[in-house]
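Before any comments, here is the structure.
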Amino acid sequence: MLASGHVVVLQEGPMTVATIGCVVLLAGFVLGSLYKAVRYVRMPMHVRWELYPVAHEKGKVSYGGSYFEELDWWTKPRETSLVGEVKTIAEEVFTLKAVREHNPKLWLPSLLFHYGLYLLFLLGAALLLGGVADGLGVVGLGWLGGGKVLSLWGVVALGLATLGCCLLLLRRLGDPTLRNASSPADFLHLWWLLAVFALSWANWLVVDREYTVAAGFVKGLLRLQVGGSVPALFVAQVLLLGAFLAYLPWSHMTHMFAKYFTWHSVRWDDAPNIAGEAYREKALKLLMLPVSWSAPHIKGDGKKTWLDVVQERGES
Amino acid sequence: MKPEPLVPPVKVRDIAKPTPALSPLDLQKIVPLPPPYDQIDPQTLWKELTAERRQEIDASLDGVSALSLKRPEDPQEEERLLKGFVEGLRKLLSVENNWTFLQPLQLTLDHCTHCQTCADACPIFVMSGRNEIYRPTYRADVLRRLVARYGNGGNPIKSALTGPIELNWETLARLAELSYRCTLCRRCAQACPIGVDNGLVTHELRKLFSQELGIAATECHANGSMLQLRVGSSTGMTPAVVRDNIEFIDEEMSEKVGFTVKTPFDKVGADVLLLHNAGEILAWPENPGAFAVILEAAGISWTMSSDLVAYDAINYGLWYDDVQFARVALEHIKVAKKLKVKKIVIGECGHAHKALTVIADRLLLGEDNIPRESALTFLEGIVNSGVLKLDPSRNDFPVTLHDPCNIVRAMGIVEPQRRILRRIAPRFREMTPHGVENYCCGGGSGFAIMSPNNFANWRMLVSGRIKMQQILEAFKDELDPAIPKYLCTPCSNCKGQFRDLLRAYGAWERSRILYGGLVELVVNAMADVPPGFLEWEFH
């Protein structure tokens, strides 16, 4: 078969454009994502801005209650539930609950699209694990039931993702208000992904129905092997996908991890500043920062601190 | 019938177009109310600004003006304002100047997918007949585009991906106005699957305008927090006037309830410092009066303060200015410390709840961190203690409950007020939706105190309309004016909005709907008090 022949060539030949491109672009993805995540982590403590229901409120989450409902709440032990947070996040990730409840027209396209992406991610992870296992001499991709299972998996994943992507694109283009409220980036992302999916289908149909080229490529990539050539169509797919991933951290698609911050660190951050908690030092440091807001009632000159301005009365 | 001509929806970049009005309110599209209120022609509640007034002020957003902004007198003035705005953008995104909200803001700016899942959660957008400029993402996208193009020197690639926008006087003036077309109810944030908070954008925009350019609603700033810091209260009441008024209220209450009611002032070592929205003292004296009756009857050790700022729980900075917010919060705490109280109880005022209990929390260090409690929780404690003899038959009329956003969605205090009502109001019924999914009264984020130009008309027709619909639905089988009905609203600002809203729609005359707080209902049910504490008079 065409594909298996190329796998052998790939493993033994010089490093290809695809390999170099893939390494560079994946590095871009990883470093870009890390940069963005670290940026959020390093942002200073903010004032509380929680929004109920808060998923970890034990026994009260069903109606959105909080510890403020308890008389002398500060004297009582605060009971939180990690399970509550995990459950809410899982419900959101696997059923797109908020979209289903508030935007039903977009729910099915969005659900198909996201499930397609989840399955494609798992396929990529399986190829990666297979490559690692093979490299360690443990076991190849046999544990997945062979190429036919991978092939079916790929079809289902690509099918869902492509269908979802097309439906989302149609909605954005066909609904005048949604089209009007979209940014150029919203269209770029969908068209770009559609192009990646189109190449993936072409590869699946013409080159790599059982993902043997892909498996060999991943294996070579893990060993940073140089060599040979792979079909041009496969190279195009790898580079287009790689470029998309490298771009992703600079787009709103980082919501896949930013949700941790938007939900856990903002929406559900209801931890009270009671004795023993570590806010004092942080707050003191922040209150000593210089203020340069220029309005007459502040007149921040870049030297006065927050502590200074909040103790003034200000001019009208 | 001729089909309606297709009007292209207003685009984000249109905000810079020099047109007389970007997207005027279309009275034909306002969502109708249930019968018989569907007969009220929106035109009768509307006021068009005169041509003269429109020459004086900028109403080019939607034909409404909340800020009475005047056009710059010359190009230099315009240039100064635009430069100031760009400078404000930089500060809004800097740790030094905006550590208070930087992380939530940056996350919100970075992650909106424009899926419009938030759109239908916004009552202003929906009730206006889906006016594009009220869409929660509209104002947020204006900010996103401005940040991409002008923020920190600008980023051409990011700007191209975010979309085109121009910064000129029209953009600046309309964006300032647009930041006062959202009540900060945060239903949009609640609906967002990603956790983006387009309501926060409103808050941050108001902050930029206030803290950098000195542009803010007069009622919130000059006549609000500045006045409070200067004379003690945004009502203008001095300590002597507050004492006088409370003394008068005490006398009235004593007469009504048949035992002596005396509000203690400045009592060092009291268990509780009670902070009222001072507006209650002037507009709804029965509310602080009812509090005094309950605390007296329950034998609570409590006090009010006559110190400047501390006899008024309001903190308007919460809506538009972090510096003003912190100044007022610190004054409240200073007095509590001076009086050595065990806790501060915040009366029936929603934004005061959130300001002092939640937003100020991490700024109150060491001894300043005096426990703060909601009056609703505190009241439930008193009711549960059994110290008051309650007779629910005294409240045998239809009652529904409004959930103030700041107490419920922003603090999770949902059940205490309901448990009290279930105990004292046998004909209590919920609105739909309610609890943390409630709709704002339409007067949130300062709107209730704002009525310049035709803004009050907009409040009645747009921001308050969904609540009017909810109230009518809650009482739908008993709208007959022969049946008195009570809209329980434990928040002073919401009450201000309901006073205007029920009056505008004639709901007192047409349906005998009265509004009031929770404590009044409790006192009305007290068996030891002569019947008829509630006076069925609309004011």
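We did not get these values from a lab; they are worked out from the coordinates using the rules stated. Treat the numbers as computed from the prediction; the structure is a model and nothing was measured. All Cβ positions, glycine included, derive from the backbone under ideal geometry; neighbour counts span all protein chains shown.
Given an 8 Å cut-off on Cα distances and at least 6 residues of separation, report the relative contact order of chain B as a percent.
15
Which value does Rg/Rh take for the range B:331-424 over its C-alpha atoms, Rh per Kirkwood?
With Rh from the inverse mean 1/r over Cα pairs, Rg/Rh is 1.04.
Of the candidates A:Leu117, A:Leu205, A:Leu108, which one comes out as most mobile in a Gaussian network treatment of chain A with C-alpha springs shorter than 10 Å?
A:Leu205
Express the C-alpha Rg of the range A:80-203 as a ratio against the empirical globular expectation 2.2 N^0.38 Å, rounded to two decimals.
Computed over Cα atoms of the range A:80-203, the ratio equals 1.29.
Arranged by the count of other C-beta atoms within 10 angstrom, fewest first, what order do B:Cys488, B:Cys349 take? Please list the in-between numbers first.
Details: B:Cys488 21, B:Cys349 32.
Arranged by neighbour count, lowest to highest, B:Cys488, B:Cys349 become B:Cys488, B:Cys349.
At q = 0.32 Å⁻¹, work out log10 I(q)/I(0) for the range A:35-85 with the Debye formula, treating every Cα as an identical point scatterer and leaving solvent out; two decimals please.
The computed values of log10 I(q)/I(0) come out as -1.15.
If you look at just the Cα atoms of the range A:202-275, how large are its Rg and its Dmax in Å?
20.4, 66
Quick check on the range B:149-237: what does the Kirkwood estimate of hydrodynamic radius come out to from the alpha carbon pairs, in Å? Don't jump to the answer; show the numbers that get you there.
Numbers: mean 1/r = 0.0646 Å⁻¹.
Result for the range B:149-237 stands at 15.5 Å.
Where is the GNM fluctuation largest for chain A (alpha-carbon springs, 10 angstrom cutoff): A:Gly242, A:Gly302, A:Gly220?
Result for chain A, Cα springs under 10 Å: A:Gly302 fluctuates most.
How high is the FRET efficiency from A:Ala90 to B:Ser301, r the C-beta distance, R0 45 Å, rounded to 0.05?
0.40
Kindly provide the Kirkwood hydrodynamic radius of the range B:462-527 in Å, to one decimal, from all pairs of distinct alpha carbon atoms.
12.4
Under a crude label model (7 Å from the Cα following the beta-carbon direction), how far is B:Arg419 from B:Ser451 in nanometres?
3.9
Strictly greater than 25 Å: what percent of every Cα pair in the range B:52-213 meets that?
29
How much of the calculated P(r) for the range B:26-116 lies past 14 Å, in percent of all Cα pairs?
When all Cα pairs of the range B:26-116 are counted, 79 percent exceed 14 Å.
Within 10 Å of each residue's Cβ, count the other Cβ atoms and sort B:Phe397, B:Phe248 from fewest upward.
B:Phe248, B:Phe397
Taking a ≥ b ≥ c as the square roots of the Cα gyration tensor eigenvalues, with a/c under 1.5 meaning rounded and otherwise prolate when a/b beats b/c, else oblate, which class fits the range B:85-131?
Working: a/c = 3.04, a/b = 2.20, b/c = 1.38.
Taking the square roots of the gyration eigenvalues as a ≥ b ≥ c, the range B:85-131 is prolate.
When the convex hull of the C-alpha atoms of the range B:413-491 is computed, what volume per residue in Å³ does it have?
Working: hull volume 9.0 nm³, N = 79.
Cα-based convex hull of the range B:413-491, divided per residue, equals 114 Å³.
Regarding chain A, what's the average projected area of the Cα-atom convex hull, expressed in nm²?
Working: hull surface 94.3 nm².
Mean projected area of the Cα convex hull: 23.6 nm².
Take the Cα coordinates of the range B:388-524, assign each an equal point scatterer, and use the Debye formula without solvent to give log10 I(q)/I(0) at q = 0.13, 0.14, 0.20, 0.22 Å⁻¹.
Here log10 of I(q) over I(0) equals -0.52, -0.60, -1.21, -1.42.
If you line up the Cα atoms of chain B on their principal axes, what length do they span on each, largest first, in Å?
The Cα atoms of chain B stretch 70, 63, 45 Å along the principal axes, largest first.
Ratio of alpha-carbon Rg to the 2.2 N^0.38 Å globular estimate for the protein assembly as shown, to two decimals, please.
My calculation over the Cα atoms of the protein assembly as shown gives 1.04.
Provide the FRET efficiency to the nearest 0.05 for the B:Ile483-A:Ser62 pair, computing r from the beta carbons and using R0 = 45 Å.
Values: r = 33 Å, r/R0 = 0.74.
With a Förster radius of 45 Å, E is 0.85.
Rank the residues B:Asp38, B:Asp528 as a footprinting-exposure proxy: fewest other Cβ atoms within 10 Å of their Cβ go first.
Ordered from fewest to most neighbouring Cβ atoms within 10 Å, B:Asp38, B:Asp528 come out as B:Asp38, B:Asp528.
If I take all pairs of Cα atoms in the range A:111-267, what percentage of them are more than 28 Å from each other?
The proportion of pairs with Cα distances above 28 Å equals 29 percent.
Give me P(r) over the range B:222-380, computed from all C-alpha to C-alpha distances, binned every 10 Å, as integer percentages.
Whole-percent P(r) values from 0 Å outward: 11, 44, 36, 9, 1.
Using a Förster distance of 35 Å, how high is the FRET efficiency between B:Phe248 and B:Ser393, based on the Cβ-Cβ distance and rounded to 0.05?
Rounded to the nearest 0.05, the efficiency is 0.65.
Mind telling me which of A:Ser151, A:Ser62, A:Ser200 comes out most flexible in a GNM of chain A, alpha-carbon contacts under 10 Å?
Top of the fluctuation ranking is A:Ser62.
Quick check: pseudo-label points 7 Å beyond the Cα along Cα→Cβ at A:Leu31 and A:Leu194, how many nm apart are they?
Distance between label points: 3.3 nm.
What is the distance, in nm, between label points placed 7 Å from the Cα along the Cα-to-Cβ direction at A:Phe257 and at B:Lys262?
6.6
Find how much the distance from B:Thr218 to B:Glu52 grows on full extension, using 0.36 nm per residue of separation minus their present alpha carbon separation; answer in nm with one decimal.
Once the chain is fully extended between B:Thr218 and B:Glu52, it gains 57.6 nm.
Jot down the per residue volume, in cubic angstrom and as a whole number, of the convex hull over the alpha-carbon atoms of the range B:150-307.
188
Given N residues in the range B:251-330, what is Rg(Cα) / (2.2 N^0.38 Å)?
Normalised by 2.2 N^0.38 Å, the Cα Rg of the range B:251-330 equals 1.23.
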